[in-house]
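Written out below as structure tokens is the structure these notes cover.
The values are calculated or read from the model by the stated rules, or taken from the named source; none is laboratory data. Predicted model only: the values in this text are computed from it and were never measured. Cβ: placed from backbone, ideal geometry, glycine included. Neighbour counts: every protein chain shown. The protein model used for the area step is the full one, side chains on, heavy atoms only, and it has no ligands, DNA or RNA in it. Shrake-Rupley method; radii C 1.70, N 1.55, O 1.52, S 1.80 Å.
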Amino acid sequence: GALLTAQDLHKAYGPTPALDGAAFSIHPGEVVAVMGPSGSGKSTLLHCLAGIVTPDSGLITYNGRELTTMSDGERSALRRSEFGFVFQFGQLVPELTCVENVALPLRLSGTSRKEAERAALTWMERLEVDDVGAKRPGEVSGGQGQRVAVARALVTGPRVVFADEPTGALDSLNGERVMELLTEAARSSNAAVVLVTHEARVAAYSDREVVVRDGKSWTWSASYERSYER
Ligand code: ADP
Ligand code: ADP
């Protein structure tokens with residue numbers, strides 16, 4: 001069955017709805033691209049699915065549990081233990097080295113420094129950034145920084161990785177390498193990836209595309225040529 005589903009989501013910040021009946025589902029290990037123009041509601045959908053934003057109405061279930069009725073504490077515990085996050089930029093702690101950044105989620109959940117940094121280095125090797133472990137985020141390239149961020153998102157063994165324009169600040173070559181490594185690493189650990197992007201080139205790394213427009217969503221399936229299915 002599906003790991004994470006949403007039905008009939010509505011969310012408004014002002015007079016114009018950001019989400020107006022959006023639906024979504026993702027299976028374990030699946031990579032789903034959320035596509036659509038700027039302002040269409042992609043980030044709001046991602047924030048609702050991740051339990052960061054509460055929709056005005058609609059249902060979101062994770063692993064059979066209703067997310068919208070959980071307490072804030074339950075939702076943040078879920079985010080820490082089951083979800084990983086990669087954003088466009090600014091998410092690494094500048095004062096920490098790259099290996100300390102990757103180890104941070106494990107340190108916060110009580111893992112010893114030695115063990116956390118060993119696990120961090122294993123993930124950094126897979127993302128091909130183990131050589132920048134001792135550097136601070138300000139001393140590495142944009143592509144290296146995003147690969148460090150991907151390692152940090154995966155180090156806790158999440159079941160869902162939320163990636164909002166993860167390559168938006170990179171040139172196409174670095175962006176493609178980040179996408180290759182992100183999807184490879186997620187597939188090898190059977191993590192689902194919710195990938196928000198407005199670039200077809202990035203969405204090409206997904207198994208399926210969900211198109212968002214004016215807060216409404218459609219699943220696009222290659223087997224229904226030129227047709228959209230709600
Ligand atoms: P996208 O990610 O597709 O660019 P967003 O989900 O960021 O779209 O935004 C959808 C709409 O909701 C936009 O009109 C945006 O300005 C508005 N919006 C999103 N987040 C907020 C917020 N925190 N406060 C007010 N308006 C918001
Ligand atoms: P994205 O590039 O992913 O669409 P944005 O740069 O639009 O993200 O938004 C960054 C943050 O600002 C998000 O947390 C979003 O919810 C919030 N935001 C977006 N639009 C507005 C808005 N009109 N007013 C207030 N906050 C907003």
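Below are the figures for this structure:
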| item | result |
| --- | --- |
| For the chain, built as a Gaussian network whose Cα springs stay under 10 Å, the top-fluctuating residue of Val193, Val129, Val34 | Val129 |
| Calculated FRET value between Ser38 and Arg208, using beta carbons and R₀ = 25 Å, to 0.05 | 0.70 |
| Global geometry of the chain, whether rounded, prolate or oblate, following the gyration tensor of its Cα atoms and the 1.5 cut on a/c | prolate |
| Ser189/Arg118 FRET efficiency (R0 22 Å; Cβ-Cβ; nearest 0.05) | 0.80 |
| Residue list for region 3-28, given a label point 7 angstrom along the Cα-to-Cβ vector of Arg65 and an amide N cut-off under 13 Å | none |
| Integer Hz, Karplus 6.51/-1.76/1.60 couplings in order for region 128-139, x for Gly and Pro | 6, 10, 5, 6, 9, x, 7, 7, 8, x, x, 9 |
| Positive dipole terminus of region 11-121, leading residue within Thr16, Thr68, Ile52 (C-beta point charges) | Ile52 |
| Degrees separating the helix 172-188 axis from the principal Cα axis of the chain, which is the longest one | 90 |
| Residues of type lysines that Lys216 reaches as a straight line, Cα spacing below 21 Å, ignoring anything fewer than 8 places off in the same chain | Lys11, Lys42 |
| Cα gyration tensor category, rounded, prolate or oblate, for region 113-188 with a/c compared to 1.5 | oblate |
| Cα gyration tensor, region 1-66 - rounded (a/c under 1.5), prolate or oblate | oblate |
| Heavy-atom accessible surface of the chain: percent carbon and sulfur, 1.4 Å | 49 |
| Heavy-atom SASA rank of Tyr62, Tyr205, Tyr13 (probe 1.4 Å, accessible area, largest first) | Tyr13, Tyr205, Tyr62 |
| Under 5 Å, built H, 5+ apart or other chain: amide partners of Val196 | Val34, Ala163, Asp164, Glu165 |
| Helix axis angle, 113-126 relative to the chain longest principal axis, alpha carbon, degrees | 70 |
| Positive dipole terminus of region 66-170, leading residue within Pro166, Phe89, Val132 (C-beta point charges) | Val132 |
| Residue with peak Gaussian network fluctuation, the chain [Cα springs, cutoff 10 Å], from Leu45, Leu154, Leu104 | Leu104 |
| Accessible surface, region 59-122, averaged per residue in Å² (probe 1.4 Å) | 56 |
| Stretch gain in nm, segment Asp56-Glu95, where the contour uses 0.36 nm per residue and the Cα spacing is subtracted | 10.3 nm |
| Projected label distance in nm at His10 and Asp171, using a 7 Å step from Cα toward the beta-carbon | 4.8 |
